[in-house]
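A quick write-up on the structure given underneath.
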Ligand code: G
Ligand code: G
Ligand code: NA
Ligand code: MN
């Protein structure tokens, strides 16, 4: 595969970069954290989205090096922003392939140490499916990460296994309500009730709730009324370049 070979060179050639999407507090209307989202500027094919290359990276194991690069770059950026703005936390998406590496926890610790980044300022986003593939083993990994002190969040909640028998056993800090529930939560009573119930479930288990893909003011108001903690989405900002993100930070100073 052509892309597979190119991907191996992409980090060295500086072709990967991160965009940052604000996570907005529904109480204050301000953002103190962001999710880092990877992009690839391919010399021949131009901008490639992760949907098109994460699978290839996972199959060819480049995801390991790429994932470490993402975490390290995001931590470096976080520490710069913490210095100059009221900004606290960065979230990265981590592939199950990487989470299953025996060295993963040590790698996380090394990156935190290198950047002198407080563990609680790094959030690790993961999907349900990898946890449920082998709950006993993977919950042990999560517990080790929890011990380091990083924050753990469950991405796209409600779309995969949604195993209610497991959710209470996971050492999670944050549940992210998938965009598919947010899309129609204003017009469809059932989706509204699902959103309400996820928020209550998460809160009852001591978790913070983040809504994804919020595009309208009506959705934002509904989430605020239901007590959701934070939201992400085009309503506030799409994933932004470093320069665009800093403009937003300056605007809310
Ligand atoms: O940013 P965008 O909507 O294009 O992201 C598409 C998908 O790629 C999402 O599922 C997102 O979680 C995933 N993704 C984005 N950045 C990263 C990354 O740095 N690492 C991994 N493993 N997945 C990512
Ligand atoms: O799987 P994950 O939740 O990490 O993916 C996040 C993806 O959702 C990113 O690719 C990001 O670009 C996209 N995204 C973020 N906010 C919105 C939004 O309001 N609308 C749409 N359509 N996509 C969004
Ligand atoms: Na994510
Ligand atoms: Mn998500």
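The values are calculated or read from the model by the stated rules, or taken from the named source; none is laboratory data. These figures come from a predicted structure and were not determined experimentally. With ideal geometry, Cβ positions are generated from the backbone for all residues, glycine too; neighbour counts draw on all protein chains shown.
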(request) Name the residue, out of 78, 164, 99, that is under 15 Å from the mean Cα position of the chain (by Cα) and surrounded by fewer than 20 Cβ atoms within 10 Å (Cβ to Cβ). (result) 99
(request) Among the helices (runs of 4 or more DSSP H) lying completely within the stretch 75-133, list those that include at least 3 residues that are within 16 Å of ligand 4 (Cβ to nearest atom) and modelled with pLDDT under 95. (result) 128-133
(message) When the residues of the stretch 54-72 are narrowed to those that are within 16 Å of ligand 3 (Cβ to nearest atom) and under 21 Å from residue 106 (Cα atoms), which ends up surrounded by the most Cβ atoms within 10 Å (Cβ to Cβ)?
(response) 71
(request) Restrict the check to the stretch 170-177 and report whether at least one residue is more than 16 Å from ligand 3 (Cβ to nearest atom), more than 20 Å from residue 30 (Cβ to Cβ) and more than 19 Å from the chain's Cα centre (by Cα). (result) no
(request) Hey, can you tell me all the residues within the stretch 4-20 that are farther than 18 Å from residue 76 by Cβ and either buried (at least 19 other Cβ atoms within 10 Å of the Cβ) or under 18 Å from the mean Cα position of the chain (by Cα) (or both)? (result) 6, 7, 10
(request) Could you tell me whether the stretch 214-227 includes any residue that is at pLDDT below 95, outside any strand (DSSP E or B) and closer than 30 Å to residue 78 by Cα? (result) no
(message) Please verify whether residue 100 is in contact with a helix residue (DSSP H, G or I) (Cβ under 7 Å, 6 or more places away or on another chain) and touching a residue at least 12 places away in the same chain (Cβ under 8 Å), treating the condition exactly as stated.
(response) no
(request) Would you tally the residues in the stretch 21-40 being free of Cβ contacts under 8 Å to residues at least 60 places away in the same chain and crowded, with 20+ Cβ neighbours inside 10 Å? (result) 3
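Condition check ((1) under 15 Å from residue 121 (Cβ atoms); (2) more than 10 Å from ligand 1 (Cβ to nearest atom); (3) out of contact with any strand residue (DSSP E or B) (no Cβ under 7 Å at 6 or more places or on another chain)) across all residues:
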residue	(1), (2), (3)
39	no, no, no
61	no, yes, yes
68	no, yes, yes
73	yes, no, no
76	yes, yes, yes
100	no, yes, yes
105	no, yes, yes
(message) Taking the criterion of being more than 19 Å from residue 33 (Cα to Cα), without any contact (Cβ under 8 Å) to a residue 40 or more places away in the chain and under 20 Å from the mean Cα position of the chain (by Cα), would at least one residue in the stretch 226-240 satisfy it?
(response) no
(message) Regarding the stretch 143-152, can at least one residue be identified that is more than 16 Å from ligand 2 (Cβ to nearest atom), at pLDDT below 95, within 16 Å of residue 104 (Cβ to Cβ) and not in a strand (DSSP E or B)?
(response) no
(message) Being more than 15 Å from ligand 1 (Cβ to nearest atom) and either in contact (Cβ under 8 Å) with a residue 60 or more places away in the chain or more than 23 Å from residue 22 (Cα to Cα) (or both) is the requirement here; does residue 197 meet it?
(response) yes
(request) Give the residue, chosen from 137, 154, 172, 145, that is under 18 Å from residue 212 (Cβ atoms) and more than 15 Å from ligand 1 (Cβ to nearest atom). (result) 172
(request) Would you mention how many residues in the stretch 114-129 are surrounded by 19 or more Cβ atoms within 10 Å (Cβ to Cβ) and either within 16 Å of ligand 3 (Cβ to nearest atom) or within 15 Å of residue 95 (Cβ to Cβ) (or both)? (result) 7
